[in-house]
Every structure is written in structure tokens, then in C-alpha cells.
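Asks: My questions all concern the structure below.
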Amino acid sequence: MSLRLGDIAPNFKAKTTIGEIDFHEYLGNGWGILFSHPADYTPVCTTELGRTASLQAEFEKRNVKVLALSVDSVESHKNWISDINETQHVSVGFPIIADEDKSIAHAYDMIHPNASETFTVRSLFIIGPDKKIKLMITYPASTGRNFVEVLRVIDSLQLTSGYSVATPADWKEGEDVIVGLNVTTDDAVKKFPKGVKVVKPYLRYTPQPNK
Ligand code: BEZ
């Protein structure tokens with residue numbers, strides 16, 4: 001059965017560019033991003049891994065460990081990293097998993113046979129400190145992902161895990177958030193001393209509470 005939000009992210013042991021890892025142990029108590037790409041030495045993937053490396057400090061600030069994955073070998077990944085570093089002006093520091101037997105790809109449903117029988121699609125999972133899946137996205141091989149959007153989702157997930165709020169469309173860190181549906185307006189006024197703006201009984205805004 002395929003994975004759904006709220007499921008425990010399947011654990012695995014894997015060969016990676018930084019050595020063998022146990023996925024859950026590697027994540028520790030922090031957040032994780034596991035993302036697959038179709039193949040090494042391909043143009044869009046080169047830009048995606050480069051972009052991820054350039055945002056490494058942003059991921060670290062949010063206590064997020066990033067792991068990439070494809071069905072290529074560790075040797076291939078390591079050689080390709082030189083190209084990524086050279087062309088994208090970065091230093092890839094996160095592990096790239098070599099899933100040569102496709103066991104992780106199958107566990108995470110990263111192979112979509114009607115897109116490609118052999119390659120992983122561009123799947124991305126955000127995993128919380130409880131090891132549960134918080135977000136899943138799947139892009140086709142022809143479209144590189146937006147890793148600033150991934151950071152934006154992490155900001156929303158980390159905020160909403162600590163406060164009874166949700167984030168509106170296109171929300172960015174620092175902007176007003178939505179009072180959770182489970183909070184009455186009377187309680188909201190007490191909980192959110194910066195103020196509550198009631199647009200409709202079900203649509204209430206408050207300044208971001210942790211700012
Ligand atoms: C790419 O990364 O550019 C790519 C990879 C596989 C298929 C198509 C494009």
C-alpha cells in the first residue's frame with residue numbers, strides 16, 4: 001500500500017556518499033527531507049542538487065537533514081558530485097543514497113512505471129521528529145522542484161506543530177497566520193495577545209505568534 005501523510009516513514013539501511021546509514025538513526029530527533037531524482041549526470045537533477053546544497057545553511061537553521069536518492073551507485077554519485085560542485089558553485093555535503101536494488105524506491109513508491117520503469121520520479125518527503133510523513137510531493141522528470149517552497153513548507157509545519165494556527169495560501173515567514181478551526185474566537189483572543197482579526201467566523205487572522 002502506498003504511503004500517506006501521517007504514516008511512519010519506512011526505516012532503511014542504505015549505502016550513501018557519506019557511508020552506510022540507518023535512516024531513522026541518521027535523522028535523530030530532527031526533521032528530515034528525503035528526495036529522489038531520476039538519474040545522476042542529468043541536467044535538471046544537477047541543478048536540483050546544486051540548489052539544495054546552496055540552501056544547506058537554511059536547512060540546518062531549521063534542524064532539517066537532507067538526503068537525496070537515486071538508483072545509481074555510490075561511485076557514480078561521488079563522481080557526479082564533482083560536476084555539481086563545479087557547475088553549480090556549491091559544495092554538496094548531504095548524503096546521496098545509492099538505491100541500486102530499488103528497495104527504498106519501492107518502499108516510498110518513487111517508481112511510477114507509467115512514467116519510467118527504471119528511474120525514480122522526483123518524489124520528496126518531509127519527515128517530522130516523530131518520523132511521521134508531513135508532506136509528499138511528486139514532480140515529473142522534466143520539472144525541477146522549488147526548494148524555497150520546500151523551506152516555506154517546513155516553516156509552516158514547524159510553526160503549526162507548536163501553535164493552534166494554520167498558514168494561508170502563499171504565506172511566508174513573518175506574515176499573519178490563520179487561527180485554527182478548533183479554537184473559539186474567545187479563546188483565540190486569550191491565546192493570541194497580538195490580536196485577532198475576524199473576517200468571517202471561520203476565517204480569523206493573527207500575527208505570527210512566535211515572532
Ligand atoms: C534531468 O535531470 O534533466 C532529467 C532526468 C531524467 C529524465 C529527464 C530529465
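Asks: Taking 0.36 nm per residue of sequence separation and subtracting the Cα-Cα distance, how much length would be gained by fully extending the chain between VAL148 and SER91, in nm to one decimal?
Replies: 18.7 nm
Asks: Calculate the FRET efficiency for ALA115 and SER54 from the Cβ-Cβ distance with a Förster distance of 22 Å, rounded to the nearest 0.05.
Replies: According to the calculation, E is roughly 0.20.
Asks: Next question, about the same structure. For the chain, what is the relative contact order in percent, using Cα pairs closer than 8 Å and at least 6 residues apart in sequence?
Replies: Value for the chain: 21 percent.
Asks: Here is a follow-up. Ranked highest first by average number of other Cβ atoms within 10 Å, how do 118-129, 10-21 line up?
Replies: Packing order, densest peptide first, comes out as 118-129, 10-21.
Asks: Expressed as an acute angle from 0 to 90° and rounded to the nearest 10, what is the orientation of the C-alpha long axis of helix 147-160 relative to the principal long axis of the chain?
Replies: 40
Asks: Taking the highest mean first, how do the peptides 199-206, 25-32 order by number of other beta carbon atoms within 10 angstrom per residue?
Replies: Ranking the peptides 199-206, 25-32 by packing returns 25-32, 199-206.
Asks: Roughly how many Å is it from the Cα centre of the stretch 54-89 to that of the stretch 156-176, as a whole number?
Replies: The distance from the Cα centre of the stretch 54-89 to that of the stretch 156-176 comes to 28 Å.
Asks: Now a separate question. Report, in deg cm²/dmol and to the nearest 500, the calculated mean residue ellipticity at 222 nm for the chain, where each DSSP H run with n ≥ 4 adds -39500 (n - 2.57) and the sum is divided by the residue count.
Replies: -8500 deg cm²/dmol
Rule-based calculations on the coordinates, nothing more; no lab input. Bear in mind that the values here come from a model prediction, so they are computed numbers and not experimental data. Counting neighbours? That spans all protein chains shown, and the Cβs are built from the backbone with ideal geometry, glycine included.
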